[in-house]
Amino acid sequence: MLNIILMGPPGAGKGTQATRIVDAFHIPHISTGDMFREAISQGTPLGLQAKAIIERGDLVPDDITIGLVKERLSQPDCAGGYLLDGFPRTIHQAEALKDLGPEIDREVALVVDISVPDEELVRRISGRRVCPKCGASYHVQDMKPAKDGVCDRCGSPLVQRKDDNEASLKIRLENYYKQTAPLQAFYAKEGIYHAFNGVCSADALFDEIHSLLEAHQ
Ligand code: AP5
């Protein structure tokens, strides 16, 4: 079963690979970042709570994030596999997911980790433009949409994320190394960890990830 975690630092290309993976394998894309951004744009209580935290680059508290993912993973469309993008991000979240998986018969089978050096992450994040509607990601130099400022997938106008600035990125990277990078050893111990070098074209990286996922189908 393709029950997958996609991890990596901010700007590694998780969202870019996620859209390709879900299109190829027809599994739901569960991005906690997208879920929070959707709640913010709708002005829900969750969005009001998360807005300032996300814009300054900090992590949303574990209890809120775990509750959100538990509810989403329990939905019927996740029975045939799922792609978790940006969750878990702390050891506490990983432990909660480890308990939840067998409870709902949806244990994680594979962890795909994309690594990219910090200088390249800064370059990618500062040039990123995103689609607020479908979540697709572009870059002003490397991955331009066919029509300037317009999403290829759904035709919506592209925007720059509020947390894509130098100050927030510094905090996001610090949080990544302190709180998320330890998950590499956590999942290596579980025997389901797969590391990928993200310094190549998005298509070349997808070919590598695709081969791994196909072999596990
Ligand atoms: P989230 O939305 O998950 O953001 P992130 O992890 O910071 O990752 P990004 O979306 O910035 O980058 P990406 O890896 O998806 O890269 P992309 O494909 O866009 O989380 C946002 C916030 O929500 C967090 O900071 C936190 O506050 C909160 N949150 C979320 N989950 C949480 C959790 N579990 N617990 C607590 N809080 C949580 O690519 C980046 C750019 O590079 C693009 O321009 C793209 O076109 C370009 N690019 C991609 N691939 C390549 C390539 N191979 N070569 C050249 N350019 C490329």
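Derivation of every value follows stated rules applied to the coordinates shown; laboratory data play no part. The structure presented is a predicted model; accordingly, all values stated were derived computationally and were not measured. Positions of Cβ are backbone-derived with ideal geometry, glycine not excepted, and every protein chain shown enters the neighbour counts.
Under 12 Å from the Cβ of residue 155, count the other residues' Cβ atoms, weight Lys and Arg +1, Asp and Glu -1, and hand me the total.
+2
Using the charge dipole of region 115-184 (Lys, Arg: +1 at Cβ; Asp, Glu: -1 at Cβ; taken about the Cα centre), state which of 157, 126, 168 has its Cα farthest towards the positive end. Of the candidates, 157 comes out farthest on the positive side. Annotation: lysines with alpha-carbon distance below 17 angstrom to residue 51 (same-chain offsets under eight excluded): 162.
Taking a cut-off of 13 Å, what percent of all Cα-Cα pairs in region 45-115 are separated by more than that? Each step should come with its number before you reach the end.
On the way: 1699 of 2485 pairs.
Considering region 45-115, 68 percent of its Cα-Cα pairs are separated by more than 13 Å.
Computed log10 I(q)/I(0) for region 80-167 at 0.10, 0.12, 0.21, 0.22 Å⁻¹: -0.40, -0.55, -1.02, -1.05, from the Debye equation with unit scatterers placed on every C-alpha and solvent omitted.
Global dimensions of region 137-176 from alpha-carbon coordinates: Rg and Dmax equal 12.9, 35 Å. Per-peptide packing, taken as the mean over residues of other Cβ atoms within 10 Å, places 13-21, 202-210 in the sequence 13-21, 202-210 from highest down.
Using the Kirkwood radius over C-alpha pairs as Rh, can you work out the diffusion coefficient of the chain via Stokes-Einstein at 25 °C, viscosity 0.890 mPa s, in µm² per second? The Stokes-Einstein estimate is 139 µm²/s.
Working note: 222 nm ellipticity from helices only, DSSP H runs with n ≥ 4, each -39,500 (n - 2.57), summed and divided by the residues of the chain, gives -14500 deg cm²/dmol to the nearest 500.
If N is the number of residues in region 1-106, what value comes out of its Cα radius of gyration divided by 2.2 N^0.38 Å? Numbers along the way, then the final one.
Values: Rg = 13.5 Å, N = 106, 2.2 N^0.38 = 12.9 Å.
Working it through for region 1-106, the quotient is 1.05.
Remark: region 142-210 projects, on average over all directions, an area of 6.9 nm² (convex hull of Cα atoms). Cross-linked pairs 70/98; 98/189; 98/170; 70/178; 14/144: Cα-Cα separations exceed 21 Å for 98/170; 70/178.
Quickly rank 142-153, 122-133 as a protection proxy: mean count of other C-beta atoms within 10 Å, highest first. List each step's numbers first, then the result.
Numbers: 142-153: 13.6, 122-133: 18.7.
Descending mean neighbour count gives 122-133, 142-153.
Can you give the relative contact order of the chain as a percent, counting alpha carbon pairs under 8 Å and 6+ residues apart? Before the final figure, lay out the partial values.
On the way: 311 pairs, mean separation 67.9, N = 217.
Relative contact order comes out at 31 percent.
The fraction of Cα-Cα pairs per 5 angstrom bin, counted from 0 for region 98-217, comes to 2, 9, 14, 16, 19, 18, 13, 7, 2, 0 percent, rounded to whole percents.
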